[in-house]
């Protein structure tokens, strides 16, 4: 089984397929390396595609110490994946928790990113409700420690940001839930407490986003209510970002609408590689606004 070892000795399970310009897929809190299968199959036709599991997730090591988890570890682990595979630059594609890691990967290591895709990004990261989100995450982590990840998984089936996925694709949703139920209690609790419960707000880095000129695509389901306003805000502050809303779609956009996701991402990567994903023009002084 293939593993990449991080600088602090954690082994990360990964899978690789295809050849060509590399794409690194970074999964969400409720996912793992398997969450990107529709994208691995599609993009491996023309690209070298890598999917991996965060520390604490299926296939990868599960450290018991909470300090071994957190957003900074997640960002650096994405870099370790590229280092291990001797990849100088890649398109980095993240969903939710993985999108937070992808955004900060671009902020900290812009020279390693050909492009950034931020899907389902921003939950709990707005100016309002951020502290409450972190408190809720700490409480959820305590519940997972006490009752296990299976208890958390059962509640997810009624989450309004996931319900459209269940309605559109019952079989796909059942597989998604099954995979989540296989996660480690320790890994899930530590990730929830140390990553979700301690991550800073995206809004704290406004000056950094304005300087980040890496081609960026933001994707958001229009029924993913916690991510709507943060997605629009990121579009307004990132130097070279485009925004795509998927209609009647919730949080798990890559699995809920795989065809639309793949084609949208394909078009973006094609333009980015051609040097044609460019910032918009500022309004010229005196120009008509109608």
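Worth a mention:
- Chain lengthening between residue 171 and residue 143 when straightened (0.36 nm per residue, less Cα-Cα): 7.3 nm
- Its residues counted as N, the chain yields a C-alpha radius of gyration over 2.2 N^0.38 Å of 0.96.
- For the chain, built as a Gaussian network whose Cα springs stay under 10 Å, the top-fluctuating residue of 17, 241, 103: 17
- For the stretch 3-273, the relative contact order works out to 21 percent when only alpha carbon pairs closer than 8 Å and six or more residues apart are counted.
- The angle separating the long axis of helix 170-181 from the principal Cα axis of greatest extent in the chain is about 60 degrees.
- Relative contact order of the stretch 205-284, defined on C-alpha pairs under 8 angstrom at six or more residues apart (%): 31 percent
- Taking Cα atoms only, the orientation of helix 130-147 departs from the longest principal axis of the chain by about 30 degrees.
- Rounded to the nearest 10 degrees, the inclination of helix 225-237 to the longest alpha-carbon principal axis of the chain is 40 degrees.
- Maximal additional length on extending the residue 225-residue 11 stretch stands at 73.5 nm, based on 0.36 nm per residue less the C-alpha distance.
- The length gained by stretching the chain between residue 111 and residue 67 to full extension, at 0.36 nm per residue less their Cα-Cα distance, is 13.1 nm.
- Distance-filtered residues of the stretch 89-114 - backbone nitrogen under 18 Å, label point 7 angstrom along residue 237 Cα→Cβ: 96-97, 99-110
Throughout, read-outs are computed from the coordinates displayed, never taken from laboratory work. Fair warning: this is a prediction, and the values are worked out from it, not measured in the lab. All Cβ positions, glycine included, derive from the backbone under ideal geometry; neighbour counts span all protein chains shown.
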